[in-house]
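Note sheet for the following structure.
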Amino acid sequence: MEIEHIFFDDGGVLNNNNLREKQWQKLIYEFFSPKYGKTLDDWSKANEYAFQRYLKNYYNSIKDDPDIDYKELISFLEFNWIKDMFVYLDLMENFPDKPLKLAREAVVWITQRVQSAVPGIVEVVKELANQGYKLYTASAENSWELKGYLKGMGIDHLFTEFYGLDVLNRAGKDTIFYKRMFEHAGVEPKNSIVIDDRPNKLYFAKETGATVIQSRVLKEHDVAVKYFYERAEELLPLIEKINNTNKL
């Protein structure tokens, strides 16, 4: 069966998460400081404090209830991300009337300015789109974050859908996440490739019947599946090989 649809994870596939942290700290400052004052160091420390609490609340929530309503969870997390930064900086007298709106605006503004693309991946994505593949994201982020990062890369217009946790209302990437993703996209897993760097995510995707490819561009995980690549430019011939094999 010929491959027609390709689903990309973000961190470790399209972007290098290790490059993002310092950029985020600077961009947090550039977004918030004109409105509320304080220094780069202030906002960096405030965001570090708030984001650690964000992660703790997230993991505790999904541990307690794996089937939690993610849309409600993200509203709770985003509200507290803003609140925790304002508490840390002693700015509660200036707390915004619409903190969720401010959180979303900040994330969209920042993600569009982050530059962390994996070397060569932009050219690969453009060529895959040129060859007629339908492209999607499949990431444990939110759709507006994914759109922002890809807009900053200049490739957002090449993607059919940005599958993040909010679109599928799922708090993590498991087999249910991928089943919902394929159902939402209206495509057959057997006609699809899922690209991820994490072995457990690849196993979940493979359980649905999709072909999986492991990205090892960051060398953070051992080879876990049949198909893998270590440089972005290796992806095009690998997909061609898979398609040729499927035609036999």
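The values are calculated or read from the model by the stated rules, or taken from the named source; none is laboratory data. Nothing here was measured: the structure is a model prediction, and the numbers come from that model. Note that we place each Cβ from the backbone using ideal geometry, even for glycine, and neighbour counts take in every protein chain shown.
Some notes on this structure:
- When 219, 173, 201 are screened for being within 15 Å of the chain's Cα centre (by Cα), charged (D, E, K, R) and assigned to a loop (DSSP other than H, G, I, E, B), only 173 passes.
- Flag for residue 20 being within 30 Å of residue 230 (Cβ to Cβ) and not β-branched (Val, Ile, Thr): yes
- Among the conditions (1) assigned by TED's automatic domain parsing to the domain that holds residue 206; (2) touching a residue at least 40 places away in the same chain (Cβ under 8 Å), the only one that residue 176 does not satisfy is (2).
- Qualifying residue in region 21-38 (condition: surrounded by 14 or more Cβ atoms within 10 Å (Cβ to Cβ), in contact with a helix residue (DSSP H, G or I) (Cβ under 7 Å, 6 or more places away or on another chain), closer than 30 Å to residue 234 by Cα and in contact (Cβ under 8 Å) with a residue 24 or more places away in the chain): yes
- In region 154-203, the residue that is modelled with the lowest pLDDT out of those that are of a type in the set (Gly, Ala, Ser) and buried (at least 17 other Cβ atoms within 10 Å of the Cβ) is 171.
So that you can scan it fast, the table gives a plain yes or no per residue for (1) of a type in the set (Val, Ile, Thr); (2) surrounded by 15 or more Cβ atoms within 10 Å (Cβ to Cβ); (3) closer than 19 Å to residue 52 by Cα:
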| residue | (1), (2), (3) |
| --- | --- |
| 62 | yes, yes, yes |
| 67 | no, no, no |
| 73 | no, yes, yes |
| 77 | no, yes, yes |
| 82 | yes, yes, yes |
| 87 | yes, yes, yes |
| 94 | no, no, no |
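- Any chance residue 114 is modelled with pLDDT of 95 or more, under 30 Å from residue 229 (Cα atoms) and surrounded by 14 or more Cβ atoms within 10 Å (Cβ to Cβ): yes
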